[in-house]
Amino acid sequence: MAMAALPISEAASVALSPALERAASRLASIVGPRAILSRPSELVTYSADGLPFYRKRPALAVFPETREQLIAVVRALAEERVPFVPRGAGTGLSGGALAENDAVVIGLNRLRRIISIDPENRRAVVEPGAVNAGLTRAASEYGLHYAPDPSSQTACTIGGNVAENAGGPHCLKYGVTLNHVIALTVILPDGELVSLGSTEGERDGYDLLGAFVGSEGCFGVAVDVTVRLVKNPESVRTLLADYTAIVDAARAVSAIIASGVVPAAMEMMDGPTIRAVEASIYAAGYPVDADAVLLVELDGLAAGLEEDVALVERLCREAGARSVRVARDEAERARLWQGRKKAFGAMGRISPDLVVQDAVVPRTRLPDVLAEIHRIAQETGVLVCNVFHAGDGNLHPNIAYDARNPEATARVHHAMRAIMNACIAAGGTITGEHGVGLDKLDYMPLVFTDDTLDAMCRLRDVFDPERRANPGKVVPVRSCREWRMAPNTRRGELPA
Amino acid sequence: MTAAVGPTCALPDTPLAAAVPGIMTCVHCGFCLQACPTYLALGDENDSPRGRILLMRSLVEGTLGIDDPDVHTHIDQCLGCRGCETACPSGVPYGHLLEATRATIALARPLPLVARLILRTFERPHLLAAMLAGARLLRATRLPRLLGRLPGRLGFAMAMLAATEGRVPHRPYTRRGTGARGATAVLRGCVMRGLYAETNRATERTLRANDYEVVDVAGQQCCGALHAHAGDLEGARRLARVNIAAFERSALSFIAVNAAGCGAMMKEYGHLLASDPLWAERAAAVSAKVRDATELLADAGPARGASLPLAITYDAPCHLLHAQRLVRPPLAVLGAIPDLEIVPLTDTDQCCGAAGIYNLLEPEVSGLVLTPKLANISATGAELVATGNPGCQMQIGAGMLRTRTGRGTVHPIDLLDASYSRAERSPT
Ligand SMILES: Cc1cc2nc3c(=O)[nH]c(=O)nc-3n(C[C@H](O)[C@H](O)[C@H](O)COP(=O)(O)OP(=O)(O)OC[C@H]3O[C@@H](n4cnc5c(N)ncnc54)[C@H](O)[C@@H]3O)c2cc1C
Ligand code: SF4
Ligand code: SF4
């Protein structure tokens, strides 16, 4: 084929503002020219996170490799008054790590060391870019692990987990990120280095650590994180219950919780999800003709565990399970979990594009809400795959579609909004663990009053009065930036 | 803004256009990031699978041009190790996407000179044989051992050559099985025949000892893997046709390959020639007979040999683990050797940086990828590293030589062969 037939790139640079120009050369002198990206063609990669539905190209991306470099980078940006967005692994599912073309992405993935593990006090100190599963791997030598286990744990960073207050299957029993962070060093957007929380027990005064966890990159950058490690349980049993009707599985969830047993994890996957997983390299042996499976894990001291297993098995059957299988060994258990944890990725094989919702509903309303989601899917003609943390009512309806088809895309949008409204109507809220970011901005006024939103703005002002840290995310201040960034508000239509 | 690909592809009628469905399978979840050696070494998502797939997507969307130097850099810097494939829940066929991207880039930019020289040499059997004979002469002087410590590309190349010296004694033995497992041809290979001839003999002997009937097939050439990985798909197809025709001439049950990279390529002849109506079926038929030599040995047991009290470690070649998805067979081969201690190697699923001719084209990144591998090897305390691919044997061997770590590399089959030979000498 002739070369002339191939499209040739246009002039590959865009003009930066004078402040950004100055920032670029200062950053380059801090981190070295190879740790900063400024050409648009190299910034394309940083234009998306785990929710590639949104694409925003930053002005620059910079990758500090040491704590000192990170601090110097934030200070230089403060002096030039340039907005910035921290980025961990970019697995976030709300567009949180995206930056507009006037902002700088600070990539934290090179700051990935585990600084220390203190097995006696069951603690570890890590750099923000340390990968969640890597921490557990390092701690396993001491019979310990880091309990919050988002499904993305093989990729996501502890800094990203702190910023999103990430949860995971085992957070049902062990608690979310907030319950496992003891102390933080944070660089505030103005360049001040502060310590939040304390390694010496409770500190007097307000819980600023608690405010930072879940702040989605809007309050500054976590420079190091001290976390709690948990002793590996003496015994673990994992059950897989198989249902021909998803509502039966939902009833089993309520029954188990009502019985007083506290499972370590309780996860549900519906039929389309099961079939996607079984077609992937992470096939776990789930029954492909089921309408839903429930994955329940019980752990603790060996004594008494078998009784709980028997009880849960009975409750699952009473709710209508076709079969209940208990993993025979560690290999089978690992396989059952791999399938669950890779389920989102596995859906990529259904259609080219994927959106995922993240809503929490009261557990008792699960059967109704699931039925309503099913109805919405039928009505709008979209394929909804449900995979979720059933134990705490945290739903993750995923919709697989082809974004190249505008008509299908419109139906997907409609379905997403209808599902969210149904969850809110059932007394739920708009995010369990993926954060608000860019994606959920529109929904904030549906669950919070103006006064509450205003209070959030003021809290943010305490950390970042100039609003340069991850601007335009989380709280809609109706400034022009929000107007520009969220596609729906831009068109002037508030969510129905 | 929706990240949509318009109904028309910006690069119609290119290999990349055919790869669009594969590109669209990526959901951008990032699960592949930690599996990617270049991402870990360079810390830039442009050098990660997810980033590279987004670059490919931008090419077909037309937002980046096929002549974009940044695209070239990051696609060039990919090892093609396919570690991302075995991490990907969505089933993105990354290896195929990479080949298609490189083939499409090759339409706009000729391959680098070094790559062209190497590829053309591998297409000329006589020239290649002469060059490898020269290399053997040089190796016999033992000069490469010394020169291998010199800094720079030349030093590394010398160390690679020195690394091909045999590390275990090969003494022929007469042990033979029944031949009942079927007629089996052993791929001679280029580097294998030129620099690891003893391993080829060992492969024949161990296969015979395990009931395979070994037959010689004339007319073989380079398998074409280097060409396919570099984006010279036409060159790869030319070579594939030669080999298909050669292997078709004998009635074979199996084609045994002891170089993981070549085996992976030959198993994909069917895919490579899928749109060639004259060859598609024949290619698929040949591919169906291809096995890694350790697969055949493992299927047969393999028969146990005599004690070899050594501490070794095993490193999985990417084209065995990720491309062919074979975990157990090489371990079964090593497991048939009494008293051989296999010290587990951390991160054995990470590439060593050899990646065909990558270490010659991208020496800097290759070195960065090799560094943690050597550190992990050193931590095992083992003297020998077993790995079933000549490129990996040379790369790791060169690194060990230059850092004075252990004794070097062997093929797992070398060890099985040595164990069989001992059994005949000192029957236990
Ligand atoms: C397949 C899949 C499954 C997932 N499963 C779960 C799950 O089970 N539970 C769950 O909670 N989430 C889940 N997620 C979402 C995501 O993995 C989490 O939100 C995770 O915490 C993000 O980490 P990250 O390192 O990728 O952060 P990024 O996506 O890079 O960033 C997320 C946010 O954190 C901010 N940030 C990052 N690092 C810092 C820092 N050092 N200081 C301050 N702010 C920072 C960013 O600005 C951004 O706003 C999943 C995602 C995927 C793709
Ligand atoms: S794991 Fe697969 S689907 Fe996920 S980002 Fe990597 S290539 Fe894409
Ligand atoms: S083939 Fe290897 S180097 Fe290339 S993107 Fe995949 S994991 Fe990374």
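The values are calculated or read from the model by the stated rules, or taken from the named source; none is laboratory data. On a predicted model such as this, the values are computed, not experimentally measured, just so you know. Backbone-built Cβ (ideal geometry, glycine too); neighbour counts: all protein chains shown. Quick note on the areas: whole protein, heavy atoms, side chains included, nothing else; ligands and nucleic acids left out. Shrake-Rupley method; radii C 1.70, N 1.55, O 1.52, S 1.80 Å.
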The residue from B:Thr63, B:Thr86 that alone is within 26 Å of A:Gln153 (Cβ to Cβ) and either open to solvent by 30 Å² or more (accessible area, probe 1.4 Å) or away from ligand 1 (no atom under 16 Å from the Cβ) (or both) is B:Thr86
(message) Being within 19 Å of A:Leu51 (Cα to Cα) and either not basic (Lys, Arg) or not in a helix (DSSP H, G or I) (or both): is that true of A:Gly339 here?
(response) no
Within the range A:464-496, restricting to residues that are open to solvent by 20 Å² or more (accessible area, probe 1.4 Å) and at pLDDT 85 or above, the one that is farthest from the other protein chains (Cβ to nearest Cβ) is A:Pro465
Taking the range A:153-167 and the residues there that are over 13 Å from A:Pro86 (Cα atoms) and away from ligand 2 (no atom under 16 Å from the Cβ), the one that is farthest from the other protein chains (Cβ to nearest Cβ) would be A:Asn165
Residue hits (the range B:327-349; open to solvent by less than 20 Å² (accessible area, probe 1.4 Å) and among the β-branched types (Val, Ile, Thr)) are B:Val333, B:Ile337
Practice task
Test A:Ala133 against the criterion of being out of contact with any Gly (no Cβ under 8 Å at 6 or more places or on another chain), assigned by TED's automatic domain parsing to the domain that holds A:Thr157 and of a type outside the set (D, E, K, R), and give yes or no.
Solution key: yes
Discussion item. Among the residues in the range B:40-53, are any away from ligand 3 (no atom under 14 Å from the Cβ) and either surrounded by fewer than 24 Cβ atoms within 10 Å (Cβ to Cβ) or free of Cβ contacts under 8 Å to residues at least 40 places away in the same chain (or both)?
Written reply: no
Of (1) within 10 Å of chain A (Cβ to nearest Cβ); (2) out of contact with any Lys or Arg (no Cβ under 9 Å at 6 or more places or on another chain); (3) modelled with pLDDT of 95 or more, B:Ala10 satisfies every one except (3)
Output for Cβ contacts, cut-off 8 Å, separation at least six or different chains, first residue basic (Lys, Arg) in the range A:203-224, second open to solvent by 10 Å² or more (accessible area, probe 1.4 Å), reads A:Arg203/A:Gly197
So the helices (runs of 4 or more DSSP H) completely within the range B:343-428 holding 3 or more residues that are away from ligand 3 (no atom under 16 Å from the Cβ) and either of a type outside the set (Ser, Thr, Tyr) or within 14 Å of chain A (Cβ to nearest Cβ) (or both) are B:363-380, B:390-403, B:412-425
Looking across the range B:379-411 at residues that are under 20 Å from B:Gly155 (Cβ atoms) and hydroxyl-bearing (Ser, Thr, Tyr), the single one that is modelled with the highest pLDDT is B:Thr409
Here the residues within the range A:240-265 that are in contact with a strand residue (DSSP E or B) (Cβ under 9 Å, 6 or more places away or on another chain) and either assigned to a loop (DSSP other than H, G, I, E, B) or closer than 18 Å to A:Arg333 by Cβ (or both) are A:Leu240, A:Ala241, A:Asp242, A:Thr244, A:Ala245, A:Val261, A:Val262, A:Pro263, A:Ala264, A:Ala265
Note on the range A:113-138: residues among the small types (Gly, Ala, Ser) and either in a loop (DSSP other than H, G, I, E, B) or more than 13 Å from A:Arg228 (Cα to Cα) (or both) are A:Gly129, A:Ala130, A:Ala133, A:Gly134, A:Ala138
Next on the checklist: Quick check on the range B:407-420. Is at least one of its residues open to solvent by 40 Å² or more (accessible area, probe 1.4 Å) and in contact with a strand residue (DSSP E or B) (Cβ under 7 Å, 6 or more places away or on another chain)?
Outcome noted: yes
For this session: Determine whether B:His74 is within 16 Å of ligand 2 (Cβ to nearest atom) and over 23 Å from A:Val105 (Cα atoms).
Result: no
